[in-house]
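Read the figures in this text as sums done on the coordinates, not as results from a lab. The model shown is predicted, which means the values in this text are computed figures rather than measured ones. Here Cβ is always computed from backbone atoms with ideal geometry, including for glycine, and neighbour counts include all displayed protein chains.
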Amino acid sequence: MNILLVEPNYRSTFPPLGLLRISSYFKSIGESPTFVRGLDRSMQLKAWDKIFISSLFTFELPRTVKTVNYYQNCVKNPKTDIIVGGVGATLMPEYILENAQCKVHVGPLSDPDMLGFNEPAIANFMPDYEILNTIEKKYIPNDAYFTRVTIGCIRKCAFCAVPVLESKFRYQQNLRDQIAEVDSMYGKKHDLVVLDNNILALDDIASVLEEIKSLGFHKGAMLNGRKRIVDFNQGIDVRLITPEVAKQLSEIAIHPVRIAFDHVSVEKAYREGVRLLAENGLRNIMTYVMFNFNDSPEEFYRRLEINLELSKQYNVRISGFPMRYCPISDVDRHYISPNWNWRYLRGIQCILNATHGVVSPNPSFFNVSFGRSVDEFKEIVTMPDRFIIYRKEFSEEAREWKKDFSRLNSSQQSELLNILAESHNQKTFPHSLDLKINKVLSYY
Ligand code: B12
Ligand code: SF4
């Protein structure tokens, strides 16, 4: 058979594990699948028996559909011979079917014969890491075990896709076996990425952490002269950190410890989780800070401030990693929640551009990038993009802007924000009937 595996060229960090497992299956029956990223003219000119296309984020589905359409004449019958699957396809199959001719596979490949080849469950195949060498793109990290012990989550957070994608929390596969299989086929990998949604919810989490330690990922572990790293990539649930868990975490090569602070209503549990981590010597913490959901700019700023307070209190480094919410049924990232506005969201993006997405726990950096108070924060994110990104270069102009902006009362400020929101994707220059507002608008 001529089999093509395609990952659309959306931004992806990790390899497309679903396609890599499909590849392993076909190799196990003597086939030699071809792997490609995006739209490849030489592949489009060939005839294929089956084409498997992966999908990831719903906001990248337009690009996924474009990819399906690009390859649709390469097969006899696209409705049966092009198969699209993965996270995006599972969340919004109808969007793909309305815009392209193909078959959509919804959900995991957890049972036999789901692809119609009478094959064993694809989910149990090890990813074919070898096929990654056939393309130019290098995924990051490029020398790691990508593993998963559990499926699903015990919670049902309203903003999260996991309850839809993997509705029941359950144990899936032992880490030791996953690692041993990769070792025997491809040799030792350097780091360990654990993709579980909520691994601490596992009753027997103590054994998993013990296993990680005994598999060569104890604190300070080295391989080929470099420190090994364990990354619970989706973060661990602070509400489930106990003194025992924190102690065990401190004995493995975890770096950084990823946690989340989704809303200030979980402040108490968050503070307690950080305390336990800090007391066990876990000093490098990275916190996912969601915004643009049911929070507000004030509440978001408060969470960043709490991270600063805690960093000082426990002498740890809590870097914030703001994550902009967008609904799991949207095919773009334009969503603006009722308490936010376009300019503020854009302003945060500009700040993060300059800081590579990370909020520093160093007060002097924080004060410059996010402001010393919530009012200053709001002022910063209201400024024109270039004043935010190139602070030093535009400091004079920014001072002038501030003078003019401070002359606006709160209803004029709201009008300014509305005008900026409405006009940002229009070619006409925005203006108001109010001269003071117009003066400020002239900077944009
Ligand atoms: C790892 C991960 C990441 C990684 C990168 C992932 C990558 N591949 O590059 C990182 C940390 C960078 C990341 C970032 C983000 N992520 Co993320 N991430 C995940 C996670 C945990 C796993 C995705 C993955 O790679 N799975 C590996 C594959 C093999 O497993 P699988 O998808 O379950 O595949 C099975 C089936 O789907 C199927 N299958 C898979 N591929 C194919 C192909 C074919 C042809 C077939 C038939 C079947 C099939 O078979 C597989 C085996 O059973 C999911 C949560 C989850 N539980 O799925 C969130 C998830 C995809 N992320 C999400 C989000 C929101 C984000 C961010 C936008 C967060 C933010 N606000 O910044 C960013 C976006 C980054 C960007 N590009 O701009 C949301 C997506 C929501 C949406 N609207 O689509 C998810 C669902 C998490 C959630 N809790 O809601 N993410
Ligand atoms: S705890 Fe995490 S994985 Fe579970 S539903 Fe909430 S956000 Fe999703």
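Some values worked out for this structure:
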read-out: Equivalent-ellipsoid semi-axes of region 208-282, from the Cα gyration tensor, Å, largest first; value: 25, 12, 10
read-out: Sum of side-chain charges, Tyr10 neighbourhood, beta-carbon under 11 Å (Lys, Arg +1; Asp, Glu -1); value: +2
read-out: Volume per residue of the C-alpha convex hull in region 3-124, rounded to whole Å³; value: 94
read-out: Peptides ranked, highest mean first, by Cβ atoms within 10 Å: ranges 46-54, 168-176; value: 46-54, 168-176
read-out: Local electrostatic count at Cys160 - Lys and Arg +1, Asp and Glu -1, tallied over other residues with Cβ under 11 Å; value: 0
read-out: Percent of alpha-carbon pairs separated by more than 38 Å within the chain; value: 33
read-out: Surrounding net charge for Glu400, when Lys and Arg each add one and Asp and Glu each subtract one, Cβ distance under 13 Å; value: +2
read-out: Given charges at beta-carbon only (K, R positive; D, E negative), |dipole| of the chain in Debye; value: 920
read-out: Vicinal HN-Hα couplings computed from phi for region 207-222 (Karplus, 6.51 cos²θ - 1.76 cosθ + 1.60; Hz; Gly/Pro x); value: 5, 5, 5, 5, 5, 4, 4, 6, 8, x, 10, 6, 3, x, 4, 10
read-out: Region 242-285 shape via C-alpha gyration tensor axes, a/c threshold 1.5; value: prolate
read-out: Length-normalised contact order of region 114-246 in % [C-alpha pairs under 8 Å, at least 6 apart]; value: 24
read-out: Helix-only mean residue ellipticity at 222 nm for the chain, each DSSP H run of n ≥ 4 adding -39500 (n - 2.57), per residue, nearest 500; value: -11000 deg cm²/dmol
read-out: Tensor-based shape of region 395-441 (alpha-carbon gyration tensor, a/c under 1.5 rounded, otherwise prolate or oblate); value: oblate
read-out: The chain - Cys residues lacking any other Cys C-beta under 4.7 Å; value: Cys74, Cys102, Cys153, Cys326, Cys350
